[in-house]
Structure formats: structure tokens, C-alpha cells
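Student: Okay, here's the structure, questions in a sec.
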Amino acid sequence: MLRELAFNLLGVFLPVTAIVAFATPLLGKARRRAPWALAMFAALFVAVTTTVVYAAVAVGGRPLVYPFGGWPPPIGIMYEVDAFNGVLGLLTGWVILAITAYSKWYEKEMDEPVWYYTLLVGLMVGLLGCLYTGDAFNLFVMIEVLSISAYGLVAYHKQRPEAVEAASKYALIGAVATNMYFLALVVIYGNYSTLNMADLALVGRAYAASPLPALLAVSFSLWVFTYKAAVFPNHFWLPDAHPEAPTPVSAALSGLVVNIGVYAVARFLYTIFGYNNALGLYRGAVLLALLLLGCASALLGAFMMLVQRDIKRLLAYSTISHIGLALMAGSLGFAAAGGALVLALTAMVAHLVSHSISKATLFMASGVFIHEAGSRDLDAMRGLGRVRPLSAIAMTLSFLNLAGFIPFVGFFSKLLMYQAFLDAGLPVLAFVVILVSAVSLLGYMKPIYSIAFSFKKGAPVTSPRVELVDVLLVAMSASLLVLGLVLGLSPGVFSQPALSLTQQGVEDYIRAYLETRKSLGGPYG
Amino acid sequence: MKRVVSLAVLVTIVLGMSLLLALSGQSFYPSENLRWLAIVYLNTTYNPYLPDFTVRSPESVTAIVWDYRGLDTLYETTVFYLAIIAGLALGRGVKRLNQKPTDESGLSPIVKTVTKITGPMILAVAASIGLHGHLTPGGGFQGGATAAVVPVVFIVVFSSFYLLWKGVSSQRMLTLRSAGLIGIGLTSISLFLAGLLLGLPSYVFQNIAKAGSPLSMPYDVHGALLSGTLWWFNLFEFLAVSSGFTLAFIILMTPEAEEKW
Amino acid sequence: MRAARAIPVALLAFVTYIVFSGSTSGYDLVTGLLVSVVVGALFANVTIERPSKLLSPKRWYWALRYALRYFIVDETKCHIDVAKRILSPRMPVNPGIVVVPFDVESDYAMTAIANSITNTPGTVVVEVDKKNKVFYVHWIDVASIEPREAKKGISETFEYYSKKVFD
Amino acid sequence: MIEELLVYTGLGLIALGAFAQLVSGIGVNRFRNFYLRLHAATIGSIWGCVYPIAGAGLVALGYKELGPYSTFMAGAAFVTSFLVLILSPAGSHALARAAHKTRQALVEPCVHDALDPSMCVRGGGS
Amino acid sequence: MFVQEFIAAVVPLYLVATALYLYRALKGPTIPDHVLGVDLLSYNLAVLFIVLGIFFKEPILIVTAIPLALWIYALDIYVAKYLERRVMGA
Amino acid sequence: MSLDLLIYAVGAVASLMSVVAVYLALVERDLVKAVIYSAIQSVFYSLLFYLFMSPDIVLVYLPVAGGVLPALLLVLISKTERFERE
Amino acid sequence: MVGFLAEYMFTVIYLSLFVNLGLSLFGLFYKPHYVKKLIMLGVLGDTLNMFAIFLGYRAWPSPTTPSRPPILLTYPFENASVLVEFTSRAVDPLPQALVLTAVVIGLAVMVFLIFLGDNLFKHYGTLDMREIRRLRG
């Protein structure tokens, strides 16, 4: 019953969301509230769907496959949800719901919000499509949907020259990167004559002797994935682009869009070109390179954070640092196997979840303070914690989570990471994790201190105010606490997603695809 | 002169390198055989012997674009739509001129008259390309892109005010575009909704009945092959694309009043 | 009135659609009808000023005569002339821009004359002055710069037929 | 019989087109002035494009090996050639007018320039 | 009939013309010259498309000539407009 | 007589010509001319698409790369600046 | 000899595509002007599409029967021989469909970039990226 519901919702929710995006400008011109209501409807629908889908996957214990048009998969396109992209989808659905709700408050900073909401719904479609799709070319299309809405949203405050410049840099190099992914797809289709991810994993095994095409494909496609995830040499656009976007969009970009890059890297290197596959010996080399890049961007982000005075820029560098950490954990597959690998992947998933929620909260809270202060400078925000106490609390909690304090989920994710590195026999990396945490704690102290704990001398005393947004922010940061408690009490919560990237999980992924293909029949099934 | 020399060098490099490669047996001559997947597509695109595993469209590219991989195409149009929305967002708050068109504006009267005559012909040709998309090369996007010649040429030859004066405003084009895209979206889920109502299994983007799901769009109306949803997709895409191009050109080409900043 | 003006445009679109599709099956007729109605409505106020002209068979007869004569006689003469100039080693050219008056009323007749002039090699309409009713024609071999003489060399036959067809 | 006639006429027109395009290509490169090149271009667009496309339509009407879509080909060829016939002079005229108005190209070997005498460069010869 | 062979003999002539046009389109000192070259080039290719359609015995390939002719006309028009006015919309 | 060789020769010539056009578009400083060169390149690419038997692509590609993009780029140039600086 | 010439010509096509790819990447990264970058981005996308189509081509079954576009001309048909002949000659339709999608997507990105370039010029008064970086500080 649940599975059937999830199956039908999985097929229909993205076309419906796209229809909402198409309809927004039509209705939005007539009524002022309509755009927000439509976006909220789409976000609610997405949140419910992702929950149902994840529940069905988690309860059923096997991936859920939706073949579009009733075509058996390598002929048609399919959506395939296992626990890994299921949990990321769940995260995306709820965070984007919070962001859409927050946008209502942010509306006063914008003129003609109709375009903003249309692009936001487009972003939603792109995010979920990237996560759920089981077809490599469909991933290309969805990355483009995601990118074009992100470009448009970054340039949304077009009165600011910096915003337009950041968007142009982001869009120009992003277009080159996605073109390179298309080249990777050409290589893949030319050599393996299929585009389906599960089918690629299956077919690739026959090509283990000649790993060169797979290496080409992976290296071309890694460019766009690391670009989207802002990993070290490709990180240059993020500190400009994320702060210049409207605040809720900064939250979506920093919290969710970067996840897509990490997700796609994991999907390509574990599921498609994973175990005893076409990539062969090169897989270790690619993973090692990714590990080093992740290491570099973690350190770079942490150190760059120290010198920032602009709060949104500080948060952007923190994103680079944390994505680097998650990538480090995720690319441990070259050295570890079995328990240590599961531990590392669990750490990656937990870290992505913790980072997404807290970074979204932080950006949204910073939006509140920027609105109060009229500036993005940290010094101008002194003492504003007294004016918006709930937001200050939410902000502090989220910072503590990012720094890895104890009852929060961030602590457990870093602990898992530490353990995984030690188990894999790489104590250097464990040291890097500690170093990054320590350095970034220094960086986080500055905003915490200046907003929550300091006074502005000679400022008139204003009474504390509470709006609906503050409640939303507190709820989001409280969820971090709850998640931390859950993870602390039963460490197995995130192991199911991690297990779906192990060899057994990949077998399940392929088996689900084969079953669907057989059940749909036809002469070529 | 420098350019000529470097061009000659470039061409010589290409010719010589390929001669070397061809001599060393490293050729890029394509195979005579097709991939498995391609043969599946070619065999099932119009195949009366497989009544529940075919698209019933002789044009296999359109069949792939709108049926086998219809999801890609839906989001591809979404990308184009979002790009134009982003453009509108970038152009908000800009005052655009709105004058009455005169004889002076635009190009010479000969070009104007020629454009007037050829406009309907080009639209008819474009509609033919678009509406025969499931039979001959063409389809919604191709037809729409051909039809976009008309607004471009009208804007350039007369002026963008002329279009406004004749009632082609950016607001109307946006409405038409949204309507076309909503049509595409509804077509894609129409059989799914019908299946829900009738209690029959059916899929999103379903076109012709499959073995497990008996619902099917009408694909043959009095001897005219419509290929089910393909015809509707082409129609709506034609509307959406032609109005989208018109919209983009109108907002880019209309002269602006003085900027504020 | 708008409907009356729409009919010729719709007819033009319909004929184009059917000829382009190259078949008269039911599908083509029905879709062609729909398309031509839409196109007619769109272009009713743009293309046609006086619809009754289109329906007179006499004009069509003259148009046919014009086309036959133009494609077989005039074009061949001018093409051979210019081709000779191109291929002869000395390239004998004697170019200049001359004034060529015309004496027709409607835009369509004027355009027909101008296009006929431009489509024959050796003469290109550079500029048109509707007020004074003259073309400025770039002529590869200027026989005379006097307007009436120039007209005799360039556009007299075109104008004779265009008047019959369009005015 | 009539079909063969159609095919041979069409092929003749195609051959004529090839010849005209060659002449036009030579002329475009030999003439030293934009306006003179326009005359050579006219050969390439009328005899070189309109006639052979119409000829291809005639071939399609007569040539049975083309299969069921040969009427489609004929119709499309006629429509295309008609559109080129109307559009190409308009394009050349627009270009010539723009070139003359903005003084992109002078009328170089020149006998008389009624429009703008200052652009007439006398003498030169061929 | 000898249609295929006849066309195979004619196509090289068209190719030579293409090269000549290309030379003008790339060299042409002024912008109208460039555009004139592109114009002729595309008319040449339109004929080539149609003639090769007969050569392949694929009548449907003829549709490709239409957008070539139409959009190159549009290129003429907007280069002319650009030269004349500098503002495309007025 | 092998007819396929003729077609492949046409393709080779077209691709070489496209290289020439791309190179000139790269080094040209007058942006209007660069746009025209890129239009030439796209015309030759459409010939290649045609020879590789994809009329659908020609129908999409020609309007997009030969018509719409030059138009949009010319609009952008006419709104901004025409010459690339040293 | 004929076989060698055919191979040579295909190699020429392939290599010139590679040269175009290299030229366009060079232009993208080393030419400072925004419009030049856009032109080269267009060339890059076109060349990649060309690669896909090149991949989907199939050689002629015999020197006198050309390969054909993946479009069935005779339908409805009585016996399966039409279909067999079609499958033995038609080229791969899937790359064509992919390229169709990619062309439209490339166009969409380009339209957005052109809108952006307009705004960029309004703010900085130039489209030279070096200049813009300098002005931004």
C-alpha cells in the first residue's frame, strides 16, 4: 500500500511541480499572494512525496523504481530511489519547504517576486530530479534545470554590480562544465551503448579490461560535479555567488545545491563505476585525487573563514570547508573496505544532513540580522541578538552544530569520520579533521560573539521582537538537536543509506532495475 | 598575412595528422552495425506486429524525444522557460519606450512589403513542419524555431513598437508560452490521471498501451496517424517555442528609456 | 471588414500549407484549414489592404503572363549579359547609380517592380523614394543618366505588367 | 514520356544552376566593389538557387524511385524556390541600402551617382 | 535513369562554388561583403541539400533547405538594420 | 564507381572550412565580423549534420546557431561595444 | 584504395572537430571579451554535438546504398521486409535525440548569458572581463 502510493507519487510529483512553475507567472500577475501560495503548494507536495518515498524505501529495504511511459528501463527513462538518494531527497524536501516559507518574510526586499518564485520552483524541480533520476542523460538535463535557476537567482538583485558579476562568472564556467559532462555522456554512450545508471553498472563489468573510456568519462564528468560541489580548484565562484544571491536562495545554494555534486560523485564512483568495474585500477587513483582535493578545500575554507568580516561570505567559506570534509569521507573507498567504508559513508551522509540543515538555518538567520542592521558587516550587527533573541539562539545552536559540539548531529558525524579514518589506517586525515574543526571554531566565534554576546555602545535599547520566522529558525535548529540525540542513541540511523553504496547495495540497485525490466516485458525486456 | 600563414599551418596539420593516423591504421571509420539500443528504437518506432510495444510514429527521433525519453524533453523545455524567466527577472524595472510606429522607423518600404507577404507563408510552412513532426523531420521545436523568423523580421524591419501596436505584447506572449507549457505538462500526466480515475494501471508519459497498462491515447483518427500524445506535444511545443522566442526578442530589442543607475 | 481582409491571407497560408505538405489527405486539409484561419486572423490587419483585388481572374492571367515572360526572356537576357562581363578578361563595366521613376500606386506594385529590377543581374535597387516615386538603381552598364532613358532600359516592361496585375 | 521530360528538364536546370554558381563565384571574387559584387550575386541567387530548386521539384515529380514522399519533395521545393525568389532581392536591396547610407562601400568605378554624388569615385576603370 | 550519376557529377561544381563564396565571405573587406558571401554560401548549400536529397533518394531531407533560406534572409536584414540604425528595435 | 566517397569528401571539405571559420572568429577583433564567422561555421556544421543523416538536427540547429544566436549577439553588441580591446 | 580514402576523410573530419574543440576552449579561457567568450561557448557546444552525431553515424551498407535518416517512409506496410530494410540502413536515432535536447539547452543558457551581458555593461561600462575584474577590485 505504502509502496504503491510512493510509486505513483514518485512518478507524478515532478511533472506537477513543473506545471506549477509554468503556471506561476500566469496567476502571479493577477494576485499578489498567488506566487507564494503556488510555491508553497509545490514545496509541500515535494516534502510529502519525499517523505513517503523514503518511508517506502526504508521499510521495504529495496530500491523503488519508476519507469516513465511504461518502457522497460534502458529503453525509457527511470527514477530509481535507494536509501542513499532517498535520504538526501527527504532532506532536500523539508529544507526547501522551510526556505519557501521563509521567502514570504524575505519578500519585502524584492520587487516583482513573481519571477523569484518561478525560479525557486525551478530550483526545486532541478534538485529533486538530480537526486532521483536513474539515467545519466536525464541527470545532465536536471543539472541544467538546477543551474539555470541558480544563475537566475544569483543575479536576482541586479541593482548590485557584484551580483551580476558573480552570476556571469558562475554561469560562464558552469556552462563549460556542463558541456564537458555532455562530452562524458558521448563517451559513455559510444563505449557502453547505454545511458541508464544501473545498466551501466551492469554492462561496465564486461569492460573491466579496457578502463580508458571509463576514465575519460569519469574525469570529464567529475569536472561538473566538483564544480557544483565547489571543491578546491573549482571553488572560486562560490564565495562570490552565494553571498550575492537573495538570502533564502543562499540557504538553498549552500545547503542543498552543493549536495548534488557530492551525491553525483558518490553515484558515479560507487554505483556506476564502482566495484570490479570498467574503471578498474584507476578508481583508486580517482578517489585518492578526490580525497586530496577534499582535504585541500576543507583546509582552505577553514582558513579563509578567519579573515572574513562579511557574514554571508564567512558562511560561504564554511560551506567549502564542510563539503571538503564530506568529500574526504566519501572518497575513502580506495583505502577502506567493509566496516571502515560503511563507517566513512555513514559519516558522509550524516555530515551532509547536519551541514545542510544548519547552513540553511544560518543563512536564514543571517538574513534576519542583515535586515535589522542594514548591512552584511559583522561589526554592524553587534548586539542585535538582543533585538531578535530567538534568531540569535537558532544561529548559535547551528554554529555549535557546525563546530561539532556534543549533543548535536555535527558532533557524531565528525566522530564517525574520525573513527573511519583511524580504522582505515590513515591517522593523518583524522588529524586534518580535528585541525579543520579547531580552525573553523575560531572562525565561528566571531559571529557568535558579535551577534549574541556583545553590545553596541550607545545604541538605543529596543525591546526584543519575535516574528514567525524566528520560530521557524528555532524549530530548524532544534531539529539538529533531535537528530543528534537520535544518532547518539542509535548510531544505525544513517547506516542504511551508507549500506546502499557498498557492494551489496549496488547489487540491490542493479537487481531492482533488472526486476523492473523483466516485469515490464516486451520483446526486448 | 599572419592569419593566412597560421591558417595554412592549421589546415596542413589537420591533413597531415590525419594522413599519418589513417596510414597507421588508426581510423575513425564508422561501423556498419548499430548498437542494441538503436535497433530497439528503430524496430519499435512504428511496428504493427508489436501492438503494445510501439509508439506508432514513423519518425523515430520524435518518438525518442517525446515518448521514450519524454521526461528529458519536458525538462529541456523547462530549462528554456526558466532561462527566459531569468531574463525577465533581469529586465524588471526597466522602462521601455512605447511610441507609435511611423513610416520612418525601420527599413525601406520594399523590405516592408516583402515581409508582409512572406509572413503568412513562413508561418504556414512552420506550422506544417511542426504538425507533421511525427511523420517527417520536424516537430514542435523545429517548427517553432522556424516560425520565430516572423517576429524577428517584423521587429527588425518595422520596429518593436509595430508589434505592440498590432497587439503582440510581451505579457500576451508570456501567457501564451505558459499556456503551451501547461499543455505539455498536462498531456504528460493525462493518461496517468485517466488511469487513476478508471482504476487501471498507467504511467506518467504513457502514450500507446503497454502490456501491463491498457490505456492508450487515440493514435489513428479516421486513417490519419496522430501517434497519440506526440501530436499534442508537438502542437503545444510549437506554441510555447514560437511565443518564447518572440518574448525573448521583444524584451531584448525594445529600446529602453534612460536608465536610473 | 477584418474577416474580409483575413480571407486572402488565409487562402495564401492554406495554399502554402498544402503545397508544402504535398498531399491532400484529410489530415492535411483539416490542419491546413485550422492553421490558415489562425494565420489569417493574425495577419488580417498587416498584409492586405484591398482584398477584392486578389479574386479577379484577369489579374491572375496577367500575373501568369508576367511570370512566363520574366523567367524566360528577361532573366536569360540579363544573366547572359552579366555572365559575359564576368568571364571576359577585361571585365567591361560602366557602373553608376541612376534615377528611375515609376508610376504605380500600390506598395505591392512598387515592390514587384523593385524586386524584378533587383532580380535581374545588372541592376540593383539601392534606395527608393516613395514621395517622388523614383528608384535609385545601381546599374552595371549605364547607358544614360537621363531618368526617362534609364527607365526604358531597365524597368518599362516590369511596370507595364505590374500595373496590370496589382493596380 | 512526360515523366522523363520532367526529369530531364529538372536535371538541366540543376546543371544550369551549377554553371551559374560557378560564374557567380568567379564574379564575386573578381569584381572589386561591393555594388558590382551584388550583380554577380544575383546570378548566384536566381539561376544558381531558384532555378535548380524548382528543377529539383520537377525531378521529384517525375522520378519514381523517390517513393511515396516525392510529392512532398516537389511541393516543398516549389515553396522554397518561391520564398528565395521573393526574399533574396529584398535582402540584397537592404544590404545595398545600408552600405550606401552608411558609406561602408563607395561606388568606385563610377559614371554617375544620383543619390549621393560625394560617394562617386570617378575613373578607376576595370 | 542516370539521375544519381548525373548529380554525382554536378556536386563537385557546386563545391567549387562553395569554396569561391567562402573566400569572399571570409575576406570581404566590408561587413556587407561578408554578409553577401554568407548569403551566397547558404543559397549554395540550400541547393546542395536539395540535390543531395535526390542523390540519397530521401525526399524528406528537403525540409532542411527551408530554414537555411529563411534565417539567412533574417541575417541580411538584421545586419542591414545594425549598420543603418545601431538600435535593433526602432 | 563508389558514390559514398563523394559524400565523405564533401564532409571532409566542410569540416576543414569550419576550422578556417572558427580560427578567424577566434582572432578577429571586430566582434560583428566574429559573429558572422561563427554563422559561417554553423552553416558548415549544418552541412555536416545533413551528411550524417540527421535532418531533425539540421532543422533545430540552423535556426538556433545560424539565426537566433547571431541575432541575439548582434543585439548585445549593438547595446554595448563593437571592438575588442587590445 | 577506396577504403583508405574513406578512412582518411573520416579522420579529417574527426581531427578538424578536435581542432575546433581546442580553438574554442582556448578562446573561452584566454580571450578577455565577454562576447568573444559567448561565441566560443557556442562553438564548443556545437562541436560536442557534432561528436555525438559522428558517433551515431553508420557506414554505407554497400557503396551504392546510402545509409538513411531514422525515419520510416513507407507505412502502413504489409510485410516486415520494409522494417528489416529500414533497420539495416537507418542511422542511430538516439544521439540525434540527445543532441536535440542539448542544442535547446545550450540555446537557453546562451539567452540567459546574453541578458546578463546587457546588465553587466550597464554596471561596468565595458564587457572586457579583465577590466571588470579590475573595476570590482
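Student: Filter segment E:42-78 for residues that are touching a Pro at 6+ places or on another chain (Cβ under 7 Å) and either open to solvent by 10 Å² or more (accessible area, probe 1.4 Å) or polar (S, T, N, Q) (or both) and give the result.
Tutor: E:THR64
Student: Next question, about the same structure. Working carefully through the options C:GLU127, C:GLU75, find the one that is touching a Leu at 6+ places or on another chain (Cβ under 7 Å), under 30 Å from D:LEU22 (Cα atoms) and within 10 Å of chain D (Cβ to nearest Cβ).
Tutor: Unique residue meeting the criteria: C:GLU127.
Student: Next question. For segment B:141-153, which positions are within 12 Å of B:PHE245 (Cβ to Cβ) and either more than 14 Å from chain F (Cβ to nearest Cβ) or of a type outside the set (Val, Ile, Thr) (or both)?
Tutor: Residues satisfying the conditions are B:PHE141, B:GLY143, B:GLY144, B:ALA145, B:ALA147, B:ALA148, B:PRO151.
Student: Do any helices (runs of 4 or more DSSP H) lying entirely in segment A:237-337 carry at least 2 residues that are acidic (Asp, Glu), and which ones are they? Give the derivation first.
Tutor: Details: elements: A:238-244, A:247-252, A:258-266, A:282-306, A:311-330.
Ranges flagged: A:238-244.
Student: Could you say which residue among C:ILE86, C:ILE80, C:ILE72, C:ILE113 is in contact with a strand residue (DSSP E or B) (Cβ under 9 Å, 6 or more places away or on another chain) and over 30 Å from B:GLY223 (Cα atoms)?
Tutor: Numbers: C:ILE86 fails: in contact with a strand residue (DSSP E or B) (Cβ under 9 Å, 6 or more places away or on another chain); C:ILE80 fails: in contact with a strand residue (DSSP E or B) (Cβ under 9 Å, 6 or more places away or on another chain); C:ILE72 fails: in contact with a strand residue (DSSP E or B) (Cβ under 9 Å, 6 or more places away or on another chain).
After applying the criteria, what remains is C:ILE113.
Student: Can D:ALA56 be described as at the interface with another protein chain (Cβ under 7 Å from one of its Cβ atoms), closer than 30 Å to G:PRO66 by Cβ and small (Gly, Ala, Ser)?
Tutor: yes
Student: Report yes if some residue within segment C:88-96 is open to solvent by less than 20 Å² (accessible area, probe 1.4 Å) and in a loop (DSSP other than H, G, I, E, B); otherwise report no.
Tutor: yes
Student: Looking at A:ALA39 and the list (1) crowded, with 23+ Cβ neighbours inside 10 Å; (2) out of contact with any helix residue (DSSP H, G or I) (no Cβ under 6 Å at 6 or more places or on another chain); (3) of a type in the set (Gly, Ala, Ser), which single condition is not satisfied?
Tutor: Checking A:ALA39 against (1) crowded, with 23+ Cβ neighbours inside 10 Å; (2) out of contact with any helix residue (DSSP H, G or I) (no Cβ under 6 Å at 6 or more places or on another chain); (3) of a type in the set (Gly, Ala, Ser), the one that fails is (2).
Student: Let me ask something additional. Condition check: out of contact with any Lys or Arg (no Cβ under 9 Å at 6 or more places or on another chain), free of Cβ contacts under 8 Å to residues at least 60 places away in the same chain, more than 9 Å from chain E (Cβ to nearest Cβ) and farther than 28 Å from E:ALA25 by Cβ. Does D:LEU11 satisfy that? Walk me through it before giving the result.
Tutor: Working: out of contact with any Lys or Arg (no Cβ under 9 Å at 6 or more places or on another chain): yes; free of Cβ contacts under 8 Å to residues at least 60 places away in the same chain: yes; more than 9 Å from chain E (Cβ to nearest Cβ): no; farther than 28 Å from E:ALA25 by Cβ: yes.
Judged against the criteria, D:LEU11 is not a match.
Student: For the structure I just gave you, tell me whether D:ALA99 is surrounded by 24 or more Cβ atoms within 10 Å (Cβ to Cβ), of a type in the set (A, V, I, L, M, F, W, C), modelled with pLDDT of 85 or more and over 29 Å from C:TYR17 (Cβ atoms).
Tutor: yes
Student: Can you report the number of residues in segment D:99-117 which are out of contact with any strand residue (DSSP E or B) (no Cβ under 6 Å at 6 or more places or on another chain), more than 7 Å from every other protein chain (Cβ to nearest Cβ) and part of a strand (DSSP E or B)?
Tutor: 0
Student: Also: Here are B:ASP72, B:ASP103: which of them is under 20 Å from the mean Cα position of the chain (by Cα) and closer than 30 Å to B:LEU247 by Cβ? Outline the logic, then answer.
Tutor: On the way: B:ASP103 fails: under 20 Å from the mean Cα position of the chain (by Cα).
The match here is B:ASP72.
Student: Another one. Among what's in segment G:1-25 and is open to solvent by 10 Å² or more (accessible area, probe 1.4 Å) and within 7 Å of chain B (Cβ to nearest Cβ), pick the residue that is farthest from F:TYR50 (Cα to Cα).
Tutor: G:PHE4
Student: A follow-up question, please. Among A:THR50, A:THR118, which is buried (at least 24 other Cβ atoms within 10 Å of the Cβ), modelled with pLDDT of 90 or more, of a type in the set (Val, Ile, Thr) and over 18 Å from the mean Cα position of the chain (by Cα)?
Tutor: A:THR118
Student: Condition first: among the β-branched types (Val, Ile, Thr) and open to solvent by less than 10 Å² (accessible area, probe 1.4 Å). Now tell me which residues in segment D:22-41 satisfy that. Reasoning before the result, please.
Tutor: First pass over segment D:22-41, keeping only residues among the β-branched types (Val, Ile, Thr): D:23, D:26, D:28.
Once the filter is applied, which keeps residues that are among the β-branched types (Val, Ile, Thr) and open to solvent by less than 10 Å² (accessible area, probe 1.4 Å), segment D:22-41 yields D:VAL23, D:VAL28.
Student: Restricting to segment A:371-404, what's the tally of residues that are open to solvent by less than 50 Å² (accessible area, probe 1.4 Å) and of a type in the set (Val, Ile, Thr)?
Tutor: Summing the residues that are open to solvent by less than 50 Å² (accessible area, probe 1.4 Å) and of a type in the set (Val, Ile, Thr) in segment A:371-404 gives 2.
Student: Read through the list (1) touching a residue at least 60 places away in the same chain (Cβ under 8 Å); (2) under 24 Å from B:TYR29 (Cα atoms), then give the number of the only condition that G:THR87 fails.
Tutor: (1)
Student: Do you know which residues across segment A:292-314 are free of Cβ contacts under 8 Å to residues at least 60 places away in the same chain and open to solvent by less than 50 Å² (accessible area, probe 1.4 Å)?
Tutor: Within segment A:292-314, no residue meets the criteria.
Student: Could you tell me how many of the residues in segment B:197-247 are more than 8 Å from every other protein chain (Cβ to nearest Cβ), of a type in the set (S, T, N, Q) and free of Cβ contacts under 8 Å to residues at least 40 places away in the same chain?
Tutor: Of the residues in that region, 1 qualify.
Student: Still on this structure: Filter segment C:1-22 down to the residues that are closer than 12 Å to D:PHE72 by Cα and open to solvent by 40 Å² or more (accessible area, probe 1.4 Å) and list them by number.
Tutor: C:VAL19
Student: Give all pairs with beta carbons closer than 6 Å in which a residue from segment B:56-78 that is within 7 Å of another protein chain (Cβ to nearest Cβ) and in contact (Cβ under 8 Å) with a residue 40 or more places away in the chain meets a residue that is open to solvent by less than 10 Å² (accessible area, probe 1.4 Å) and among the acidic types (Asp, Glu); count only pairs at least 6 apart in sequence or on separate chains.
Tutor: Partner pairs satisfying both residue conditions: B:VAL61/F:ASP56.
Student: Kindly list, by first and then second residue, each pair from a residue in segment G:1-26 that is of a type in the set (D, E, K, R) to a residue that is outside any helix (DSSP H, G or I), limited to pairs with Cβ atoms under 6 Å and residues at least 6 apart or on different chains.
Tutor: Partner pairs satisfying both residue conditions: G:GLU7/B:SER27; G:GLU7/B:TYR29.
Student: So, of the residues in segment D:74-96 that are facing chain C (nearest Cβ under 7 Å) and over 15 Å from the mean Cα position of the chain (by Cα), which turns out to be surrounded by the fewest Cβ atoms within 10 Å (Cβ to Cβ)?
Tutor: Per the criteria, the residue is D:PHE78.
Student: For the structure I just gave you, tell me whether D:GLU65 is part of a helix (DSSP H, G or I), of a type in the set (Asp, Glu) and facing another protein chain (nearest Cβ under 7 Å).
Tutor: Spelling it out, D:GLU65 is indeed part of a helix (DSSP H, G or I), of a type in the set (Asp, Glu) and facing another protein chain (nearest Cβ under 7 Å).
Student: On to the next question. Among the residues of segment A:158-170, is there at least one that is small (Gly, Ala, Ser), open to solvent by 10 Å² or more (accessible area, probe 1.4 Å) and more than 30 Å from A:ALA201 (Cα to Cα)?
Tutor: No - not one qualifying residue is present in segment A:158-170.
Student: Here is a list: C:ALA67, C:ALA10. Which entry is more than 13 Å from chain D (Cβ to nearest Cβ) and of a type in the set (Gly, Ala, Ser)?
Tutor: Details: C:ALA67 fails: more than 13 Å from chain D (Cβ to nearest Cβ).
C:ALA10 is the lone residue from the list that is more than 13 Å from chain D (Cβ to nearest Cβ) and of a type in the set (Gly, Ala, Ser).
The values are calculated or read from the model by the stated rules, or taken from the named source; none is laboratory data. Keep in mind it's a predicted model, so treat the numbers as computed, not measured. With ideal geometry, Cβ positions are generated from the backbone for all residues, glycine too; neighbour counts draw on all protein chains shown. Remember, those area values only see protein heavy atoms, side chains included, never the ligands or the DNA or RNA. Shrake-Rupley method; radii C 1.70, N 1.55, O 1.52, S 1.80 Å.
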